[in-house]
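Have a look at the structure below before the remarks.
The values are calculated or read from the model by the stated rules, or taken from the named source; none is laboratory data. Predicted, not measured: the structure shown is a model, and the values here were computed from it. We place every Cβ from the backbone using ideal geometry, glycine too, and count neighbours over all the protein chains shown. Keep in mind that these areas ignore ligands, DNA and RNA; they rest on the heavy atoms of the full protein, side chains included. Shrake-Rupley method; radii C 1.70, N 1.55, O 1.52, S 1.80 Å.
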Amino acid sequence: MKERARELKASSRRGSRADKAAEDEAAVLAKIAEMQESDRVMAERIHAVIKASAPDLAPKLWYGMPAYAKDGKVVCFFQSAQKFNARYATFGFSDKANLDDGSMWPAAYALTELTAADEARIAELVKRAVN
């Protein structure tokens, strides 16, 4: 919660929209750089996939995690395994993601590694989430 409070305080600072976007992306890249190697490699690849497949999503920190927002609302996020001392990292979607499929659908995925097929699936899901 302390990280979230710092994020909200930082986002309320004055400045141009472009300056805030650059600061948010720098904060995300700095958070990724702090991760352990296995999580860092996955987070860097996910960041690149999201930037390529949904360039309208804006990187930002969300509860200390790299996240990607549309119109200020988080659509998807990456949670490193080390953050909660878990055995796998997680790539998840918020309720703002347009992934509804009947009355039940996955909102988060466990990641132990990323293959090319996984990256393609993430790109597809992110594209769907923002449409």
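Below is a table of values for the structure above.
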{"item": "Yes/no for Lys83 being modelled with pLDDT of 95 or more, out of contact with any Gly (no Cβ under 6 Å at 6 or more places or on another chain) and among the charged types (D, E, K, R)", "result": "no"}
{"item": "Meets criteria (exposed (fewer than 11 other Cβ atoms within 10 Å of the Cβ) and aromatic (Phe, Trp, Tyr)) for Trp62", "result": "no"}
{"item": "Considering residues of the range 38-48 that are of a type in the set (A, V, I, L, M, F, W, C) and surrounded by fewer than 21 Cβ atoms within 10 Å (Cβ to Cβ) only, the residue nearest to Tyr88 (Cα to Cα)", "result": "Val41"}
{"item": "Output for the range 84-93, where each listed residue is farther than 15 Å from Ser53 by Cβ and crowded, with 16+ Cβ neighbours inside 10 Å", "result": "Ala89, Thr90, Gly92"}
{"item": "Qualifying positions in the range 23-37 - surrounded by fewer than 20 Cβ atoms within 10 Å (Cβ to Cβ), of a type in the set (A, V, I, L, M) and in contact (Cβ under 8 Å) with a residue 12 or more places away in the chain", "result": "Ala27, Leu29"}
{"item": "Tally, over the range 44-81, of residues that are closer than 21 Å to Ala5 by Cα and of a type outside the set (Phe, Trp, Tyr)", "result": "18"}
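Here is a yes/no grid of residues against (1) under 21 Å from Met35 (Cβ atoms); (2) open to solvent by 40 Å² or more (accessible area, probe 1.4 Å); (3) free of Cβ contacts under 8 Å to residues at least 12 places away in the same chain; (4) under 13 Å from the mean Cα position of the chain (by Cα):
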{"residue": "Ala54", "(1), (2), (3), (4)": "no, no, no, yes"}
{"residue": "Leu57", "(1), (2), (3), (4)": "yes, no, no, yes"}
{"residue": "Asp100", "(1), (2), (3), (4)": "no, yes, yes, no"}
{"residue": "Pro106", "(1), (2), (3), (4)": "no, yes, yes, no"}
{"residue": "Leu111", "(1), (2), (3), (4)": "yes, no, no, no"}
